[in-house]
Amino acid sequence: MTRPDRRKFILGALAVPSGAALLASCGGDNDPALPVASTDLSFLVPSFPDGFRSPAALVVGVEQRITFVVRDEIDIMRDTAPAQLAFTITQGDTTLASETVSLRSDGIITPYYPIRFTAPEPGEYVATLVDHLDVTPIPFLVMDRASGTIPQVGDTLPVVDTPTIDDARGVTPICTRAIQCPFHEHNLSDVIDNGRPTVLIVATPGFCQTDICGPVVDLLIDGAEGHDDIDFVHAEVYVDPSEFDTGAFPDTTATIAAMGLPYEPALFVNDANGTLLARLDTMWDRSELADALSIL
C-alpha cells in the first residue's frame, strides 16, 4: 500500500495561503513579544483537501461538506473570529451556493465555518467571502465520482476488520488516546449490518498536532451517552505509531485503505444496513456531531 504523507492526515495543521505561516506563540501574559488578537480578517483558509495544497477528495453529484477557518495577519482567529460569514461557491459565472454560515466552535478551540454544496461537474470551483472582497477567494477542485475513493452518503460502508480489545489485529496501540476510549469493544465487520446503526470514527488522538483530532474522539464519547442502540467504533490511523520515534513512517491501518482516506479525522454515520447517512471530515464541533447523530 502506498504510504500517504503524514501531513495529508493531519489536516488540523491547515493549509495556508502562499507566503503565510501559522505561528504558535509562547510566553506569559506580560510577554511583549506576544501578538495581540486582531479583528481584521485577512485570510480565508481551507481545512479540507482542496486539490491544490493537498490532493482533491471532493466529488460531483453528491452533497459535499467543506470547512474553512479564518486568519488575521498573525494567526488563526479564535476569540475574534466573526460569528457569521457570507459565502458563495461558484464555478465560472454559475453560483452553486450562497449562504450566511454561522461559526462553529462548541467544544473545540479553533472556530470554523462549514458549507455544503453539490457540484454538477468536475473542475475548479471558488469560495468567496461576499462581505470581505479584499480577502483572496479560495479555489478548489472537484473530481468525477469514479475518481473518488471515500464512501459517499448513500453508499454502503466497506466491510473491514477493526482492532478490538480482544483482537488488536497487529495494531499497537489500538487507541492512542491517553485513556483508551470505549469504542473498541466491537469489530466493525461484525456490527456494520447487524440491524443496529453504526458510527465509525477514524482518528489518531495521541498523534495529532493540533486541537482537532484529539477532541473529536472526546466529543464522541460525550455524544454517545444515551445512544445504547448504536454501535460506536474507533479505528486508529497507524499500525505502530512508535515507528515515528525512529524516523520511519508507520504503515497505515486496514481501515484507512478500506475507507480510501487521504486524511483524518473522519466520522461515518451508518444505518442498520450499513448505508452511509452522514459523514464529517477534518474538523467538527459538538453541535455538528449532534446533528449527524440525530439522523439515526
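Where a number appears in this text, it was derived from the coordinates with a stated rule and is not lab data. Note that the structure is a prediction, hence the values are computed from the model and not measured. Ideal geometry is used to build each Cβ from the backbone, glycine not excepted, and the neighbour counts take in all protein chains shown.
Peptides 157-165, 255-263 ranked from most to least packed give 255-263, 157-165, packing being the mean of other C-beta atoms within 10 angstrom over each peptide's residues.
What does the highest-first list of 50-62, 129-141 look like by mean Cβ count within 10 Å?
Working: 50-62: 18.7, 129-141: 15.2.
Highest mean packing first, the order is 50-62, 129-141.
What percent antiparallel are the DSSP beta bridges of the chain, to the nearest 5? Before the final figure, lay out each step's value.
Values: 40 of 48 bridges.
Just about 85 percent of them are antiparallel.
Spatially, the range 134-206 and the range 216-251 are offset by 9 Å when compared through their Cα centroids.
For the chain, with the dipole built from +1 on Lys and Arg beta-carbon atoms and -1 on Asp and Glu ones, taken about the Cα centre, which of Phe68, Ile109, Gln91 lies farthest toward the positive end? Towards the positive end, the residue furthest out is Gln91.
Among His227, His184, His234, sorting on how many other beta-carbon atoms sit within 10 Å of each Cβ, with the fewest leading, yields His227, His184, His234.
With charges set only on the Cβ (+1 for Lys and Arg, -1 for Asp and Glu), what does the dipole of the chain come to about its Cα centre, in debye to the nearest 20? Please list the in-between numbers first.
On the way: 16 positive and 43 negative charges, 115 e Å.
Dipole of the chain, to the nearest 20 debye: 560 debye.
Note on Ser189 and Asp106: with the Förster distance fixed at 25 Å, the Cβ-Cβ geometry gives a FRET efficiency of about 0.15. Modelled this way, with points 7 Å down the Cα-to-C-beta line, the labels at Thr275 and Ala168 are 3.9 nm from one another. Evaluating 6.51 cos²θ - 1.76 cosθ + 1.60 at θ = phi - 60° for every residue in the range 229-244, the Karplus couplings come out as 8, 10, 8, 9, 10, 10, 10, 7, 8, 10, 5, 8, x, 5, 5, 4 Hz, glycine and proline recorded as x. Here each label is just a point 7 Å from Cα along the line to Cβ, and for Thr95 and Val153 those points are 2.2 nm apart. Peptides 144-156, 79-91, 266-278 ranked from most to least packed give 266-278, 79-91, 144-156, packing being the mean of other C-beta atoms within 10 angstrom over each peptide's residues.
For the range 146-213, the square roots of the Cα gyration tensor eigenvalues, ordered a ≥ b ≥ c, give a/c of at least 1.5 with a/b no greater than b/c, which places it in the oblate category.
Ranking Arg279, Arg65, Arg78 by Cβ neighbours within 10 Å, fewest first, what do you get? If you can, show how the numbers build up before the last one.
Numbers: Arg279 23, Arg65 18, Arg78 15.
Sorted ascending by nearby Cβ count, the order is Arg78, Arg65, Arg279.
The long axis of helix 213-223 is offset from the longest Cα principal axis of the chain by roughly 60 degrees. For Ile179 and Ser242, the difference between the fully extended length at 0.36 nm per residue and the C-alpha to C-alpha distance is 21.0 nm.
Between the listed residues Val153, Ile230, Gln180, the Cα displaced farthest toward the positive end of the dipole of the chain, a dipole computed from Cβ unit charges relative to the Cα centre, is found at Val153.
Ordered by the number of other Cβ atoms lying within 10 Å of each residue's own Cβ, fewest first, Thr204, Thr39 fall into the sequence Thr39, Thr204.
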